[in-house]
1. Can you put 292, 342, 331 in order of Cβ neighbours within 10 angstrom, beginning with the fewest?
2. Suppose every Lys and Arg Cβ carries +1 and every Asp and Glu Cβ carries -1, with no other charges. What dipole size does the chain come out with about its Cα centre, to the nearest 20 debye?
3. How would you rank 159, 80, going from fewest to most other Cβ atoms within 10 Å of each one's own Cβ?
4. Mind giving me the FRET efficiency for residue 316 and residue 55? R0 is 56 Å, r the Cβ-Cβ distance, nearest 0.05 is fine.
5. How high is the relative contact order of the range 16-101, in percent, with contacts defined as C-alpha pairs under 8 Å that are six or more residues apart?
6. Is the shape of the range 289-371 best called rounded, prolate or oblate, per the rule: a/c under 1.5 gives rounded, else a/b larger than b/c gives prolate, else oblate, with a ≥ b ≥ c the square roots of the Cα gyration tensor eigenvalues?
7. Pairs to check: 233/336; 164/354; 2/140; 89/164; 217/267; 173/233. Give those whose C-alpha atoms are more than 18 Å from each other in this structure.
8. What are the ³J(HN,Hα) values, in whole Hz, obtained from phi via the Karplus relation 6.51 cos²θ - 1.76 cosθ + 1.60 with θ = phi - 60°, for each residue of the range 327-336 in sequence order, with x given for Gly and Pro?
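Throughout, read-outs are computed from the coordinates displayed, never taken from laboratory work. Predicted model only: the values in this text are computed from it and were never measured. All Cβ positions, glycine included, derive from the backbone under ideal geometry; neighbour counts span all protein chains shown.
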Amino acid sequence: MKMKAAILWEPKTDWSVEEVELDPPGPGEVLVKLVGSGLCHSDEHLLTGDLALPQETQEELGMQQFPVIGGHEGAGEVLEVGAGVTSLKPGDHVVFGFIPSCGRCPSCSTGHQNLCDYGALMGVGKQIADGTSRHHAQGKDLGLMCLLGTFSHHTVVNEASCIKIENDVPLEKACLLGCGVVTGWGSAVYAADVGPGDIVCVVGIGGIGANAIQGAKLAGAKQIWAIDPIEYKREKAMEFGATHTAASMAEAMEPLGAASWGTMANKVIMTMGVGSGEVLIEALALAAKRGRVVVTNIHPAMEMSANVSLLDLTLMEKQVVGSLFGSGNPRADIPKLLNLYREGQLDLDGLVTKTYTLDGVNDGYDDMRSGKNIRGVMVYS
Ligand SMILES: NC(=O)c1ccc[n+]([C@@H]2O[C@H](COP(=O)([O-])OP(=O)(O)OC[C@H]3O[C@@H](n4cnc5c(N)ncnc54)[C@H](O)[C@@H]3O)[C@@H](O)[C@H]2O)c1
Ligand SMILES: [Zn+2]
Ligand SMILES: [Zn+2]
């Protein structure tokens, strides 16, 4: 079939919305009509080149990152299933997990689906089953961001990327569970392990940071410091449960010290648009003895150094941990957080600042760059 999608032909260009030829689903694959896709900062890293590997490295690894259909925070309705698909049928509503889960690898089978071995195929972006493409444009095979490519009206993905949900939640809201909500919420609840009475800093209030605040609040944090240079973001953070705000980590130091009787924050969650090794030392300065810094934001692929006093880590037993998909399990956490939404304990509606059509993808990213959105969402009719 023919459909439209937003393609990035190479870094440092705009998304190009154009006609794409889509093959039918092969064995183990599903054809999905998308309804909504969030505009997460991770796709922006493809565009800026932060996530692009040098051409020689791509060749060494036998991969080709571009051209690629963007988007990894999507939800839609199953139209057709390929041979051997047993868990889905036409008409089912699905949220895509941005990391597939095979259910059998060591990570999946020990409750860490976010680290599924299929994740190794994400950089390649071709179909899990056979490494080929179902998506083609201008005579070229296309890769898919996170094996999904949700900046499109339709897509074909592996069953392993699909999480079936009930039909009651609008798909243009449910799509947020595919990345931002679970990533942010889980960064606080699972990776930071926020507990009752904790003091928490969330650095960067976009789609990820807003949900880290929601997670920290539900986990019982006593103080939640929202740190972002943009005033609108700080105001919105208070609506999601922040108790204090600051325009930068440096500006948070003194008031946080005063408000914590000098102990500082138990947990510092890094959710800036682009991670920076240079500022790790500031994040660690905000952390208490035995405090934990969670690195959720994505750093440029080629950044290999960070500013940190390792002696300080030893003497104060501070920790730095990474977190992918909020250290959550897509198959358990997507339905779980949808239930929290139904019960009024998780705000999805307030996350969506503005909606766009597929043709508005570049406007959506302009708005992200100028800090206008908590989350922009493309809604397809
Ligand atoms: N680890 C994961 O699984 C995972 C998943 C999704 C996204 N991410 C990453 O999380 C990060 C945040 O994504 P997003 O979609 O929320 O981005 P976003 O652009 O919507 O929000 C980022 C916010 O950070 C703020 N910011 C920038 N520099 C700052 C600084 N020095 N101090 C404080 N705040 C600062 C910006 O003003 C903005 O409000 C990105 O790096 C993204 O790639 C990681
Ligand atoms: Zn994302
Ligand atoms: Zn697995």
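1. If I rank by nearby Cβ atoms, fewest first, I get 342, 331, 292.
2. Magnitude of the dipole: close to 980 debye.
3. 80, 159
4. It comes to 0.85.
5. It rounds to 38 percent for the range 16-101.
6. Oblate is the answer for the range 289-371, as a/c is 1.5 or above yet b/c matches or exceeds a/b.
7. Cα-Cα > 18 Å for 233/336; 164/354; 173/233; rest within.
8. Running phi through 6.51 cos²θ - 1.76 cosθ + 1.60 with θ = phi - 60° gives 6, x, 10, x, 5, 9, 7, 5, x, 5 Hz.
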